[in-house]
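The next block holds one structure in the form of structure tokens; read it before the comments.
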Amino acid sequence: MVPRRDLMKGSSNSLLLSLLEQQPMYGYQIVKELEARSQGYFKFKEGTLYPALHRLEKSGLISGKWQKLPNGRQRRYYYITARGLSKLALEKSQWQDFLTAVKLILQPGPSSS
Amino acid sequence: MTPELIQYLESIRDSARLERADETGIMSELEAHIQDKVRELTQSGLTEEEALKTCLGEMGGTRLVARQIYEAYSQGSWKQALLTSIPHLLFGLLFLLNWWHYPGWVSIVLMLILATTIYGWWHGKPNWVFSWLGYTLLPVLAVGLSLLYLPKLWSLLALLVYFPMALWWLFRIIVQTNKRDWIFSSLMLLPLPILTGWFLAVSESGKFTHYSLQIVNYFAPWIGLSFIALALTIAAFIRLRQRWLRVALLATSGLMTVTLIVHYTIGKLNTFTFFGLILVMWGVLLVPALLERYLKGGRRIAWRHRNIIAHKSK
């Protein structure tokens, strides 16, 4: 059986880009959003989120900006870039092809027999 | 901030070995995340202590987080790889093109190296500066060697003064470099076993004579190639992300270059010298690592001591 951690590793970039496509978010918000939307399936060591975000930022797929809150605290919000959007579109279509192929094997329809 | 939180963040900061420009931002981000989470957990009914304990557990071990941060930031660009390799390439070319006996060219290369090192050192010590820094030690080495040509008693007296001063200077540079990462001290010292190997191969009884010049002429292409090989190793080092691979690369490249020197200078260097050079090479790798361990140990004891005093005074 493939460990959940390994599945997460292969898809973390797509998941992060997908979340940021909807709205800019800061680290803790991303963790909560990911957990809530996956109904607790995607749970990981939270400190490891930042290296993943910074790798995406170094590749130019997202950009981070510090923003000051009304209470004086600062948060770093991440935005998806144009390059990130096109990368996400490509990854989405790859995932779609992959899922279709897996479904064809795991749930063979009457036409495949 | 509580001592536990400070210790957690300090431990990550220590092991992630980031450039100063990146360090502040990343540590602030981690701190903001922890504070957000602790606040939420305390609002849900946990005590401050329980909330912090739960939060740090969910953040992940400091080693794991630091390793991933290191790997996210360690890889240099191709431009940085080239910049780091340039001093080795310049030295390689001096010998490959047989320009090493023109004082003009040697001076230009040394001046360029010195100027670039000073520029890099005063502009945030980027990763590439450490390979340049290694070559600025050459004039110091040359002064030490020139003392051998003084009359015997004067030579002995001068060396007695020179050695502690040169060692102290080297020690200070290693300590400064280790503040970033001991691996950069090794990177800086990497040409040392190669230079020592070639020097022993071409000099008779440790002295450079007219005959030595003829031998250098003969070996010049091989000397050049050993520096070019070093340049390629350093470029690969900059492009690697994983720390263990970087250390392995430095160790094997040093070993292979020393073996090649002994192989090509057959008859000039014996097995005893070969093992001596291997020792120098391992020293280049191990001394900075051990020194960093020692200095960090000292800092940790001081930090704990400060906390105990602060706790007692409450």
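Spacing of the modelled spin labels on A:Glu33 and B:Ala142, each 7 Å from Cα toward Cβ, amounts to 5.9 nm. Multiplying the residue separation of B:Glu19 and B:Trp282 by 0.36 nm and subtracting their alpha-carbon distance yields 92.1 nm.
How far, in degrees from 0 to 90, does helix A:49-58 lean away from the longest principal axis of the Cα atoms of chain A, to the nearest 10? Value to nearest ten degrees: 90.
Computing FRET efficiency as 1/(1 + (r/R0)^6) for B:Leu290 and B:Ser44, where r is the C-beta to C-beta distance and R0 is 45 Å, gives about 0.45. Among B:Leu89, B:Leu145, B:Leu291, the largest mean-square fluctuation in a Gaussian network model of chain B (Cα springs under 10 Å) belongs to B:Leu145. Between B:Met111 and A:Tyr77, the C-beta separation translates, for a Förster distance of 45 Å, into a calculated FRET efficiency of about 0.45. For the pair the stretch B:130-151 and the stretch A:72-113, the centres of their Cα atoms are 59 angstrom apart. When shorter helices are ignored and each DSSP H run of at least 4 residues is given -39500 (n - 2.57), the per-residue value for chain B at 222 nm works out to -28000 deg cm²/dmol. Rounded to the nearest 10 degrees, the inclination of helix A:4-22 to the longest alpha-carbon principal axis of chain A is 60 degrees. For each pair in A:Lys65/A:Lys87; A:Lys45/A:Lys68; A:Lys58/B:Lys37; A:Lys87/B:Lys79; A:Lys32/B:Lys179, compute the distance between the two Cα atoms and list the pairs where it is over 29 Å. Going by Cα-Cα distance, A:Lys32/B:Lys179 fall outside the 29 Å limit. Between B:Glu10 and B:Asn98, full extension at 0.36 nm per residue minus the direct alpha carbon distance yields a gain of 26.6 nm.
What is the distance in Å between the Cα centroid of the stretch B:249-266 and that of the stretch B:28-55? A separation of 53 Å, based on Cα centres. For chain B, complete DSSP H runs whose alpha carbons reach 18 Å or more along their own long axis and whose mean Kyte-Doolittle score is 1.0 or higher are B:78-96, B:103-121, B:152-178, B:210-239, B:243-264. Taking chain A as the reference, fit the longest principal axis to its C-alpha atoms, fit the long axis of helix A:27-37 to the helix C-alpha atoms, and give the angle between the two in degrees, 0 to 90, nearest 10. Computed tilt is about 30 degrees. Using the Cβ-Cβ distance between A:Val102 and B:Phe274 with R0 = 45 Å, the FRET efficiency computed as 1/(1 + (r/R0)^6) comes to roughly 0.20.
Per-residue ellipticity at 222 nm, computed for chain A from helices alone with -39500 (n - 2.57) per DSSP H run of at least four residues, works out to -19000 deg cm²/dmol. For A:Ile62, the amide hydrogen comes within under 5 Å of the amide hydrogens of A:Glu57, A:Thr81, counting only partners 5 or more places away or on other chains and with H modelled in the peptide plane. Against the compact-protein benchmark of 2.2 N^0.38 Å, the Cα-based radius of gyration of the stretch A:4-106 scales to 1.16.
Cα gyration tensor of the stretch B:119-231, axes a ≥ b ≥ c as square roots of the eigenvalues: rounded (a/c below 1.5), prolate (a/b > b/c) or oblate? Oblate, since a/c reaches 1.5 and b/c is not below a/b.
Distance between the pseudo-spin-label points of B:Thr252 and B:Leu232 (7 Å out from Cα toward the beta carbon): 1.3 nm. Rounded, prolate or oblate, given the Cα gyration tensor of the stretch B:76-296, with a/c below 1.5 counting as rounded? Judged from the Cα gyration tensor, the stretch B:76-296 comes out rounded (a/c under 1.5).
Excluding same-chain neighbours fewer than eight residues apart, the aspartates and glutamates reachable from A:Lys43 by a Cα-Cα span under 15 Å are A:Asp6, A:Glu33, A:Glu35, B:Glu58.
We did not get these values from a lab; they are worked out from the coordinates using the rules stated. Keep in mind it's a predicted model, so treat the numbers as computed, not measured. Here Cβ is always computed from backbone atoms with ideal geometry, including for glycine, and neighbour counts include all displayed protein chains.
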